[in-house]
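To keep things clear, I will list the structure first and then write my remarks on it.
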Amino acid sequence: MKVSIIGGGGIVGSSTAFALQCGGLVGEICLIDANKELAEGQALDLLHGSAFCANQRIHAGDMSDVANSNIVIVTAGLRRKPDESRLDLINRNVDLFLTLLEQMKNGGLRDNAYLIVVSNP
């Protein structure tokens with residue numbers, strides 16, 4: 001089973017990847033992030049502990065990697081600005097999410113893939 005994590009370079013995304021790594025049920029974990037170097041660094045960090053976990057392929061990728069993913073987890077989100085209401089933040093995050101959905105669709109997201117969103121708000 002392949003899981004792609006959009007926002008995989010961030011704290012929530014990389015922690016999600018670590019939990020999946022330790023669970024041992026996933027054969028491939030792909031970290032996708034706007035900051036590709038950060039995603040690559042997180043993937044390398046996870047690989048350091050891979051000897052103690054299941055046999056898994058862990059790597060950084062891009063939106064084309066969602067094409068053959070069984071599960072796509074979106075942990076990407078914009079940070080709250082000082083004095084910004086949660087309502088204003090959610091409106092900005094909705095715009096981001098719509099962009100990500102379009103990119104996933106163009107990347108070939110499978111019709112039967114599960115999409116999990118981890119967002120605040």
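Place a point 7 Å from Cα of C22 in the direction of its Cβ. Which residues in the range 34-53 have their backbone N less than 20 Å from it?
Under 20 Å, as judged by backbone N against the label point of C22, lie 42-53 of the range 34-53.
Can you compute log10 of I(q)/I(0) for the chain with the Debye formula, treating each Cα as one identical point scatterer, at q = 0.10, 0.18 Å⁻¹?
Reported log10 I(q)/I(0), two decimals: -0.30, -0.89.
Suppose only helical runs count, i.e. DSSP H with n ≥ 4. What mean residue ellipticity at 222 nm does that imply for the chain under -39500 (n - 2.57) per run, divided by all residues and rounded to the nearest 500 deg cm²/dmol?
-13000 deg cm²/dmol, from helical runs alone.
Using a Cα-Cα cut-off of under 20 Å, which lysines could be cross-linked to K2, ignoring same-chain neighbours fewer than 8 residues away?
Partners within reach: K36, K105.
Mind ordering 2-15, 19-32 by average Cβ neighbours within 10 Å, highest first?
2-15, 19-32
Calculate the dipole size of the chain relative to its Cα centre from +1 charges on Lys and Arg beta carbons and -1 charges on Asp and Glu beta carbons; express the result in debye to the nearest 20.
200
Bear in mind that the values in this text are calculations on the coordinates, not laboratory data. All values derive from a computational prediction rather than experimental measurement. With ideal geometry, Cβ positions are generated from the backbone for all residues, glycine too; neighbour counts draw on all protein chains shown.
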